[in-house]
Amino acid sequence: MKLDSLTLFHVSMPLVSPFETSFGRTTDRECIVIAARSGGLTGYGECVADRDPGYSYETSHTAWHILKDFAAPLLLGQDVADAADFQQRVASIRGHNLAKAGVEMALWDLLGKRDGKSLREMLGGSRDRVPVGVSVGLQESPEALVQAVGKYLAEGYARIKIKIKPGRDVGDASAVRKAFPKIKLQVDANSAYTLETAAALRPLDDLDLLLIEQPLNEDDIWDHAKLQAQFRTPICLDESIVSPRHARYAIEMKACQIINIKAGRVGGLSQAVAVHDLCRASGLPVWCGGMLETGIGRASNLALASLPGFTLPGDISASERYYARDITRERFTLNDDSTITVPSGPGLGICVDEAALKEFTLNEMTLCE
Ligand code: OSB
Ligand code: MG
């Protein structure tokens, strides 16, 4: 499809409640919304880089820079056939996966709208609703955490993930396990430990957790292999898996037993599907991670999570868990069986609420050939 223009929207949206992880606290979540135009069609994408370089080295400002100064000149006026063609065109940009993935998402939306096909159909999704859970941030105290978890369980979420950090790990997880002995429970450290300090996590091995997510550094697949050998509980990698190659390294090194797939982190939906395919061939379960997406990215995550290898519940919660007002007209809701329905309309299957987008936009720029 010939790309006529790209509009970038630097967006900041208030979360319904602050989200705290080992790397920081977010009250207003930033992202870059990308509108790609071709002929009379507009495709939307969401670049999930946030304000601070806490989860990834990328930020909303580095993504803006990469998109405007490097990606757009490679793409504008060009006939981009599909996601593989897109990846080749941006291959000269080293790293900056979150930025690339935002544009790839907009391209998929365009292709789907052109062909009258949903993203789920185009990616090869096999389900029309996907199992989901909720990711609960660090709270004031273990008591407050138990209360927050109880609220989400009452809303119908059948899988809970809690964030941990040094000093707030075994105590928090034990409190939740004691209060709710039977629930599906997992923890996420967001790289807060080293092989040495992770020794403190040993008691987690007796809490019947589904998995321990990303205990060590992003660039530390090797030490994760050493740590996995010491734990019965599966280690799941998030930050470490930035490409299909990294997924292969982790599998070959036995650094994890499960992988969290985020299209942003691996540089696009096409790369996410490649990680999925590799894991499936190797017998590793995967699940879809989340980045507090708006309705745009949430629609994309739901389509991705409909692929057959996504056998564990994803971090894809209902819209109301994140935003009182979203930038899509659709609001995603939780079904009775702790699933969310995958959009079935062309492309992402969502309609952007332009007034809401405008309200949350800090800065906007249109790039043409
Ligand atoms: O590590 O999974 C993570 C949010 C922002 C950055 C990193 C992570 C998260 C979450 C939230 O855990 C998942 C969601 O979108 O609900
Ligand atoms: Mg994570």
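Values quoted throughout were computed directly from the atomic coordinates according to the rules given, and no laboratory measurement underlies them. All values derive from a computational prediction rather than experimental measurement. Reconstructed Cβ throughout: ideal geometry from the backbone, glycine too, with neighbour counts over all protein chains shown.
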Problem - Neighbourhood charge, 11 Å Cβ-Cβ cut-off, centred on Gly314 and excluding it, Lys, Arg +1 and Asp, Glu -1 - result: +3
Handout entry: Net dipole in debye of the range 234-285 [+1 Lys, Arg Cβ; -1 Asp, Glu Cβ; about Cα centre; nearest 20]
Key = 60
Completion exercise
Computed from every Cα-Cα pair in the chain, P(r) in 10 Å bins starting at 0 and rounded to whole percents is 5, 26, 35, 24, 8, 1
Exercise for the section: Collect residues whose amide H, placed 1.01 Å from N in the peptide plane, falls under 5 Å from the amide H of Gln78; neighbours closer than 5 in sequence don't count. Expected result: Leu3
Exercise for the section: Compute the relative contact order of the range 121-341 as a whole-number percentage, counting only Cα pairs closer than 8 Å that sit 6 or more residues apart in sequence. Expected result: 22
Practice task
Can you check how the C-alpha radius of gyration of the range 121-341 compares to 2.2 N^0.38 Å, as a plain ratio?
Solution key: 0.97
Practice task
Please list 327-334, 186-193, 152-159 highest first by mean number of surrounding beta-carbon atoms within 10 Å per residue.
Solution key: 186-193, 327-334, 152-159
Exercise for the section: Can you quote the Å³ per residue value for the convex hull of the Cα atoms in the range 224-369, rounded to an integer? Expected result: 154
Problem - Signed unit charges on C-beta, dipole axis of the chain, positive-most listed residue Pro244, Thr194, Ile350 - result: Pro244
Fill in the blank from the handout: Given 258-268, 200-210, 216-226, the highest-first ranking by average Cβ count within 10 Å works out to 258-268, 216-226, 200-210
Completion exercise
For the chain, percent of DSSP beta bridges that are antiparallel (nearest 5) comes out at 60
Exercise for the section: Could you list, in their original order, any pairs among Lys117/Lys161; Lys68/Lys184; Lys68/Lys117 whose Cα atoms are separated by more than 31 Å? Expected result: Lys117/Lys161; Lys68/Lys184
Problem - Magnitude of the charge dipole, the range 121-341, Cβ model with Lys/Arg +1 and Asp/Glu -1, debye to 20 - result: 280
Problem - Relative packing of 94-102, 12-20, which averages over residues the other C-beta atoms within 10 Å, highest first - result: 94-102, 12-20
Exercise for the section: Please report, in debye to the nearest 20, how large the charge dipole of the chain is about its Cα centre when each Lys and Arg carries +1 at its beta carbon and each Asp and Glu carries -1 there. Expected result: 600
